[in-house]
Structures are given as structure tokens and as C-alpha cells.
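Asks: Below you will find the structure I want to go over with you.
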Amino acid sequence: MLKDTNPVAELICELTRNCNIKEEYFASSFNLSPTEVRLLKLFVSTPTYTIKEIRDRLKLTPGRITHILTSLEAKKLISRSLDANDKRVILVSLMPKANPLIKNLNENYNELHNRILQNVKEEEIEKILSSLEILVDVFRKWVNQK
């Protein structure tokens, strides 16, 4: 066990700050908020989500989700509808206008990360990937214990 976790904590804080800067930069280029981008990126692989699924994936409060969905609806990027099988469930789907945006969003997101990592050697990228997988797993376990 690491005796002094302070260096790890400081690096995680710095990484978080830099990731937030990157997310804000990226989102502003699409005239979206970082949270709107995170929500829209969910639709890269799945066409429809329930509000509960979005809440669970993004770890947001119901009020915050409502605010984000209302904003994306006003931009005509998503729609909300009642589930035909259970009227208590609200489904969130992309509007047809959003499909090219999602594709562009995903491509630009990957391109940005390629630019960020362009001067990193392949073996270092493998170490980064392995370390990030461990870190994400550690945090996921911590979140699920709460």
C-alpha cells in the first residue's frame, strides 16, 4: 500500500483540471456544453435511452438531466417520448438532424485525442491505456460502494 497518496491525488486533480479544459474547448467548438457533449456521445453506439439509463450512465441528478434534455430539445437534437409498453418511462432519441452532428462529434473527439497524443511513443500509450484502465476500475469500484 502506498504510504503517501498525496502525489497520486495531486496528479488526479491536475488530470481532471486538464480534462475539464479539453472538454470545454471541445464542446464550445460545437456550441454545446461539456455535459451536452457527454450526453450526445452516448448516442454514438445506442439510438435510444431511457432517462433513468442516462442518469445512471452520467451520474447526474434528475433536475440536471431535465435541464440538459430541455436544452438539447430546443436545439432540435433530441426528442422525448413515452414508452409504448410503460407510460411511466420516457425515451430519449436523436432527431434526424443530430445524426451527422453525432458522427462529426465522434470523429472530432477522436481527432482531438490523436493530436493530444501525437508525440507520445506507442509503448508509452500502451502504459497510459493500462494505467487508465486500472484507475477507471478503481474509481468505478469506489463509486459503486457509495
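Asks: Determine the calculated [θ] at 222 nm for the chain from helices alone, applying -39500 (n - 2.57) to every DSSP H run no shorter than 4 residues and normalising by the residue count; nearest 500 deg cm²/dmol.
Replies: It lands at -21500 deg cm²/dmol.
Asks: Something else: Take the eigenvalues of the Cα gyration tensor for the range 67-135, scale each by 5, and report the square roots as semi-axes in whole Å, largest first.
Replies: Taking √(5λ) for each Cα gyration eigenvalue gives 37, 17, 9 Å.
Asks: Cross-link partners among lysines for Lys3, C-alpha distance below 29 Å, same-chain residues fewer than 8 apart left out?
Replies: Hits, sequence-local ones excluded: Lys127, Lys141, Lys146.
A short reminder: the numbers here are calculations on the coordinates, not readings from a lab. What you see is a predicted model, and the numbers here were worked out from it, not measured in a lab.
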